[in-house]
Number of protein chains: 2
Amino acid sequence: MARQRDLTAHQERISAATWSVLAEAGLPGLTLRAVAARAGCSTGLLLHTFPDKRALLLHARDLLHQRTAARADALEATGAAPEEVLRALLHQAVALGPEQHEEARVWIGFLAAALAEPELAERHVRGNRSFLRRTTRLLAACRLDWDPARCTRAATGLVALVEGLNVLAAADPATYSPDAQRHALDDALDRLVGAAGPVSPP
Amino acid sequence: MARQRDLTAHQERISAATWSVLAEAGLPGLTLRAVAARAGCSTGLLLHTFPDKRALLLHARDLLHQRTAARADALEATGAAPEEVLRALLHQAVALGPEQHEEARVWIGFLAAALAEPELAERHVRGNRSFLRRTTRLLAACRLDWDPARCTRAATGLVALVEGLNVLAAADPATYSPDAQRHALDDALDRLVGAAGPVSPP
DNA sequence: CCGGTAACGTAACGCTTGTTCCGGTAACGA
DNA sequence: TCGTTACCGGAACAAGCGTTACGTTACCGG
């Protein structure tokens, strides 16, 4: 036999390079050669790891979804009160630090690509609906007095607010500063699940 | 002398074709040949009307901003109460009908392109800040008891909500239906400027 | 230690892109 | 009516793209 490769490791490294290029150079700058240069390999390895560019994009998109879902699962697994989990979930979903900033840029790139690629659109819809379901579930746990329809409507507003902040902050971080985002998010949350404190005020 | 052209008409028609292609085929499908075909002319005319592709994009972007600004100005010129104007402004900014749906797709395309093109990013920032200023001004007229900082913060949340709804509805119109968007927007507005009625309830 | 095999880099291909250039054409003044 | 002049279409260009095919290299079994 002969040498054997670590296919999963290659996929991960190349997907990471895809994110990096997408965040930095945008959708038109996302070429196989740029990704290969960022990953420190040749275009040959790229197309030995993925059948074509579309598959590369899909895998990178799936990885983005898996990563955010894992973070959310970790938050829920802490066993904290639903109010806390909901607040933490939305706060970490918003673009505060430079790392989440890059993620927002990547997200926009994938979204723009999804408008023309049905397969990418399907991933986007699946991911966002998953986020919306999770938010609805947490909100319902906070407001036991609300019927499911009302929870869904309120959660829709929360998710839209979060994604709007992400999108706007990605393009104008000065106006949509971390403080401004936190305020906007907390204002909306306080209205729904009560004031800021983790437990009900005395 | 010889025949003379209507430069402005050409610019408008070509920019309209640019929107159409951008909304339908996305950013990667936006080629000069596709725009020319949609406008019913040759690529020669495109580059006699605009020096290059970048200038074409910038002009189309400016036109989008001008058009939304004109709609907003018209709303303010009606002389209605600021509560009504604010509500109407945000409702028409959200993607309800198919026409505004297409506009949202175009907006996403420009946004994604702006992440790599500084000149487009500048237009985006200018346009969004203008929208934010207008919202802040209207909100301040509704809530005379609030200080400017609070108005700015609340307006930031409103704008983010509107753009978030637009973005999400463009990719998943089933989940973010017109009804869902209206509810989310009215919920947020009712909290800030009082209940739904155009005038104060009896 | 060495053959053989799988993995990888490289170079080339065909295609499409943005852009340029020139020939034809339609309108205006005389 | 006719010549001139600006305008427009379409072919042609270089560059860059995704993709393919082939040669090289590095590893594992014997």
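Can you run down the residue pairs with Cβ atoms below 6 Å, 6 or more apart or on separate chains, where the first is in segment B:44-69 and part of a helix (DSSP H, G or I) and the partner is within 12 Å of DNA strand C (Cβ to nearest atom) and of a type outside the set (A, V, I, L, M)?
That search, which allows pairs on different chains as well, returns B:Leu56/B:Phe50; B:Ala60/B:Thr18.
Consider B:Ala34 against the criteria (1) outside any loop (DSSP other than H, G, I, E, B); (2) touching a Gly at 6+ places or on another chain (Cβ under 9 Å): it satisfies all of them except one. Which criterion is unmet?
Single failed check for B:Ala34: (2).
Given the criterion among the charged types (D, E, K, R), buried (at least 17 other Cβ atoms within 10 Å of the Cβ) and facing chain A (nearest Cβ under 10 Å), identify the matching residue among B:Asp179, B:Asp172.
Sole residue among the options that is among the charged types (D, E, K, R), buried (at least 17 other Cβ atoms within 10 Å of the Cβ) and facing chain A (nearest Cβ under 10 Å): B:Asp172.
Filter segment B:25-53 down to the residues that are of a type outside the set (A, V, I, L, M) and within 19 Å of A:Glu117 (Cα to Cα), then identify the one that is nearest to DNA strand D (Cβ to nearest atom).
Taking the candidates together, the pick is B:Pro28.
Using the structure shown, decide if A:Leu22 is touching a residue at least 40 places away in the same chain (Cβ under 8 Å), more than 9 Å from DNA strand D (Cβ to nearest atom) and outside any helix (DSSP H, G or I).
So A:Leu22 fails the test.
Readers should treat all values here as calculations from the given coordinates under stated rules, not as data from a laboratory. Because the structure is predicted, anything quoted here is derived from the model rather than measured. Glycine also receives a Cβ, built like all others from the backbone with ideal geometry; neighbour counts cover every protein chain displayed.
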